[in-house]
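Engineer: Before anything else, here's the structure in question.
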């Protein structure tokens, strides 16, 4: 927090409209907040935070919800939201286990999981754009629908996935590379891809306009429906993929539990990262940083010697402080 | 730039006569032509037998009180409404069943101040909104778009302030600058007829001046503009010709080179009070004391 006033002071009024400050002020702010939080944890628990073990742990646990959060950023930029991704994680795994059991191929199972995830996203997108229901409402509905469908389809049964370990693809999805869990590399890859789509592709350009000013998008002939549906499909794909990573890591598919704990951390990561609830503004970098802030809090609190009872309180405080940083910096630099 | 009066030394614009036969043909090729256009909504006649034309490189001011039919006329030109009667020509070609995308394809572009800009996005993304320069797989050619924006800012917008770059967010622009951005965007995408719907609304005096310079830039680019306003002060200074609508009819057409601002204000006042007016040019020409009058619509 204390680093943010200096950031505002160095860029004085006359440069308030200068591009660097206006585009990056709030990203610099949240990055500073990240390092401040990290420094605090190191100061409070050097024994834990100066060793690599905890970072290896973060590198494995954070990506499950961070992958969803990063792609969710695009949907939120376009002015929509998807609350059903946790359920899509589980539904995608139904596609996996059925295909895997039928064919014995883990690779085909992965393809099936992604296909189911994409279809679930398509369903969300079509409900939102064709039926014309706000995405908040649609995905509250599909959150239950997809979870319920998952449980019905597998009869509530758990699937041990130990045999998938023999497949080549297993090492790519739930292995280690240079000592670091592969989940982390996937998160980095997906974040880069998402950044490119959002900032360097026509889809992202249209998403920003749709979220900022839908009437303008209409007047300028932007394919609003197609773009929104596509973004829901991308979140569906990413959610199913995160479900795969998570299930393969624990070599078990828990149809009732998979993804259910990722809902709030993922949304928190998006908003901590500076993406606007109202659309038109969002940052993949911010979500990435935000995910690791959210992912680190719980371990940090315990390592710092506080009881776990503090977790909720500190979660809330960090979310509110981060969002305030964005609000203040954006107002100061962009008006 | 072609001067309107040079080509038309003859007929005075006289509202008492048949407007179609009297109005001086504008310079250059006709871009847009409407003949005898009528439109009713639920039995109420909003436009009656309106003739309207815009030439290449011409700025036409469209003036009239509330309810005179200005916005209906514009909506017909932009394809929002279809006329009940009458014909429309674009570049000499007859146009029927015009739709909004159809009008845009023809090069008729409306400039909306607030409604067509995205506040939180940088200038370059606004310029290329809906029409980005992309590679074969849809990837943005960002540096190219930034460069074009930067060039446009220097050449067409006159944004010389160092604080403004292609990366500046639209939220940081003043009202006049926003209008300028929207106009320059339309020009860049080869709009032939740019429609400015009440563009001075909510602008300060200084901002209005800026906007008027942009409108003059439209003429310089050999494009046409229709400038709708109810404030004659703004329209007079940039328009080549002013078309006065009154209760759904064209009350008269006045090349600004031949009428002073005071004369036009007098005409509008008379028209508003009595539904008729005397033509000062006719008075000047004949020295008559009494003038022909326009019958009420």
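Engineer: If I ask for residues that are part of a loop (DSSP other than H, G, I, E, B) and within 7 Å of chain A (Cβ to nearest Cβ), which ones from segment B:117-139 would you list?
Structural biologist: Those that are part of a loop (DSSP other than H, G, I, E, B) and within 7 Å of chain A (Cβ to nearest Cβ): B:117, B:118, B:119, B:120, B:121, B:129, B:130, B:132, B:138.
Engineer: Looking only at segment A:87-115, which residues are within 19 Å of the chain's Cα centre (by Cα) and surrounded by fewer than 24 Cβ atoms within 10 Å (Cβ to Cβ)?
Structural biologist: A:114
Engineer: Can you tell me which residue within segment A:217-226, out of those that are assigned to a helix (DSSP H, G or I) and within 11 Å of chain B (Cβ to nearest Cβ), is surrounded by the most Cβ atoms within 10 Å (Cβ to Cβ)?
Structural biologist: In this case the residue turns out to be A:217.
Engineer: Also, I was wondering about something else. Sort out which residues of segment B:92-119 are in contact with a strand residue (DSSP E or B) (Cβ under 6 Å, 6 or more places away or on another chain) and touching a residue at least 12 places away in the same chain (Cβ under 8 Å), and write them in order of number.
Structural biologist: The answer is B:106, B:108, B:109, B:110, B:111.
Engineer: Let me ask something additional. Based on what the data block shows, is residue B:67 in contact (Cβ under 8 Å) with a residue 12 or more places away in the chain and either in contact with a strand residue (DSSP E or B) (Cβ under 6 Å, 6 or more places away or on another chain) or within 14 Å of chain A (Cβ to nearest Cβ) (or both)?
Structural biologist: Here the answer is no, as residue B:67 does not meet what is asked.
Engineer: Let me ask something else about it. Kindly indicate whether residue A:129 is assigned to a helix (DSSP H, G or I) and within 14 Å of another protein chain (Cβ to nearest Cβ).
Structural biologist: Taking the combined requirement at face value, the residue does not satisfy it.
Engineer: Does residue B:186 meet the test of being surrounded by 20 or more Cβ atoms within 10 Å (Cβ to Cβ) and assigned to a helix (DSSP H, G or I)?
Structural biologist: Spelling it out, residue B:186 is indeed surrounded by 20 or more Cβ atoms within 10 Å (Cβ to Cβ) and assigned to a helix (DSSP H, G or I).
Engineer: Within segment A:204-216, restricting attention to residues that are crowded, with 22+ Cβ neighbours inside 10 Å and at the interface with chain B (Cβ under 7 Å from one of its Cβ atoms), which residue is modelled with the lowest pLDDT?
Structural biologist: A:216
Engineer: Just wondering, is there one or more residues in segment B:167-180 that are more than 18 Å from the chain's Cα centre (by Cα), on the phi > 0 side of the Ramachandran plot and away from every other protein chain (no Cβ under 12 Å)?
Structural biologist: No.
Engineer: Now for a different question. Determine, yes or no, whether residue A:154 is at pLDDT 90 or above and crowded, with 24+ Cβ neighbours inside 10 Å.
Structural biologist: So residue A:154 does not fit the description; no.
Engineer: Could you check segment A:166-178 and list, in sequence order, the residues that are assigned to a helix (DSSP H, G or I) and closer than 23 Å to residue A:62 by Cβ?
Structural biologist: A:169, A:170, A:171, A:172, A:173, A:174, listed by residue number.
The values are calculated or read from the model by the stated rules, or taken from the named source; none is laboratory data. This one's a predicted model, so the numbers in the text were calculated from it and none came from an experiment. Reconstructed Cβ throughout: ideal geometry from the backbone, glycine too, with neighbour counts over all protein chains shown.
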